[in-house]
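What follows is a single structure, written as structure tokens, with notes after it.
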Amino acid sequence: MTDTKCLIFAPFLPVGKHIQFADWTIGRLSDFEGKWLSNEFETLARTFLNSFRYKGKSFSDKMAIFCPVDSKLGSWSPAESDVHKEKYQALQHAVTFSCLDANQSLSVKQRQWNEGIITSDNTEIYAWPLDTDSKFVTLSHNAPQSWLDARPIDDELLMPVPIEVNIPLGTGKIDKNLLDEIYKILYNGSKNGDTASIRVLNSIKWLSKAWRNTESITYEDRIAFLKTGFEALSGKSTVWGGSKWLRMQYEELLDGDKSEADFDHLLWSNAEEESFSRTYTDKNGNEKEGKITPLQHWFCALADARNEIIHKGGVKEISYLEDNAYKGCLPLIGERLLRESIKIQCSKCGDIEL
């Protein structure tokens, strides 16, 4: 295996026009004419991509292909250095978040099934080694340095598409500005050891787990993942501390030159009052009762459901039933609130529109 190069692509993410942001270009195969490391690598890569079949058809012309700016396809690998590894990690999670945020979710009534739904399965980016010497490839991009499952790259090769993967009709939406800013925050934060950026990264990882399309992940699992995502973002492990932190993030939005009208699209509203009560234990171990807002009350319900799932094996009700803005299925409301909360955190260290 003397001449192994990497092809970086998201096979199940259909894209439209090409996008250039930060260190990267995203596009279709047709956008990279003449931008290959060699003719040999291009021929091998095209044959490999054509081996992916969805419902019996090749879809390589719609796949998202990734290439670092000022590089050629096949000339870059995340394994080359720690810097490359950090850039690849930032790319993966920035693409996942920007796609999940921009595309229709299951909390919205579909006019047609499969219309524009993107899950984290679609956004998974592969850095797949292609050996131009042997012209063999492994069937798993995550396999350790073992070529026991290697196959020749030819017209007979058929790459299995996971049964959970659902490729949407049309193309997935990608918010270029959000993608650019999230990538910079994640990469620079990882490079500099910035705590807030690392928390954003870890929170996106849990959001991604909660939005996978597989029957092996139940709605109860998603509740646990989302609660962990909030905990990763806030750094608060107690329910009371987490609810106070969440409330503060939203209320601080009005500390600058923004008005309430600028945040009308958020689920949270500045008109919320302390209409609920919650018993909590203070730092001295004393039980107290505090007044909380609907946002805090919803968060406490999510945390209580998570605790019941973890400690009792399940929960009787996966919906929040209070008659306010947060009424509905806990995982679906939770994924929206976690996305909005991540963007609020990112807006503090980047130019991100909420």
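Farthest toward the positive end of the dipole of the stretch 209-313, out of 292, 311, 261, is the Cα of 311, where the dipole comes from beta carbon charges about the Cα centre. Helix 82-102: angle to the longest alpha-carbon principal axis of the chain, degrees 0 to 90, nearest 10? The helix 82-102 is inclined about 60 degrees to the chain.
Quick one: of the DSSP bridges fully inside the chain, what percent are antiparallel, nearest 5? Percentage antiparallel, nearest 5: 90. Peptide packing for 117-124, 73-80 was compared via the average number of neighbouring C-beta atoms within 10 Å per residue; ordered from the highest value, the list is 117-124, 73-80.
Between the stretch 176-204 and the stretch 276-354, the C-alpha centres lie 24 angstrom from each other.
Among the trypsin sites (Lys or Arg not before Pro) in the stretch 227-314, those located in a DSSP loop and surrounded by at most 11 other Cβ atoms within 10 Å of their own Cβ are 258, 283.
Calculated mean residue ellipticity, 222 nm, the chain: -12500 deg cm²/dmol, from DSSP H runs (n ≥ 4) at -39500 (n - 2.57) each, averaged per residue and rounded to 500. Largest mean-square fluctuation among 32, 12, 230, in a Gaussian network model of the chain whose springs join Cα atoms under 10 Å apart, belongs to 32.
With +1 on the Cβ of every Lys and Arg and -1 on the Cβ of every Asp and Glu, and nothing else charged, how large is the dipole of the chain about its Cα centre, in debye rounded to the nearest 20? Don't skip to the end; give the middle numbers.
Details: 42 positive and 52 negative charges, 94 e Å.
With only Lys, Arg, Asp and Glu charged at Cβ, the dipole is about 460 debye.
What's the exposure ranking of 159, 63, going from fewest to most Cβ atoms within 10 Å?
Details: 159 15, 63 20.
Ranked by crowding around the Cβ, least crowded first: 159, 63.
Neighbour counting of Cβ atoms within 10 Å sorts the residues 153, 65, fewest neighbours leading, into 153, 65.
Within the listed set 191, 316, 35, the residue fluctuating most in the Gaussian network model of the chain (springs between alpha-carbon atoms under 10 angstrom) is 316. Ordering 88, 280 from the fewest to the most neighbouring beta carbons within 10 Å gives 280, 88.
With Cβ to Cβ distances under 15 Å as the rule, what net charge do the other residues near residue 31 carry (K, R +1; D, E -1)? It would help to have the intermediate numbers written out before the result.
Numbers: positive: 17, 28, 35, 46, 62, 72, 176; negative: 33, 42, 61.
Once all neighbours under 15 Å are counted, the net charge is +4.
Every number here is computed from the coordinates shown, using simple stated rules; none is lab data. These numbers come from a predicted model, not from an experiment. Note that we place each Cβ from the backbone using ideal geometry, even for glycine, and neighbour counts take in every protein chain shown.
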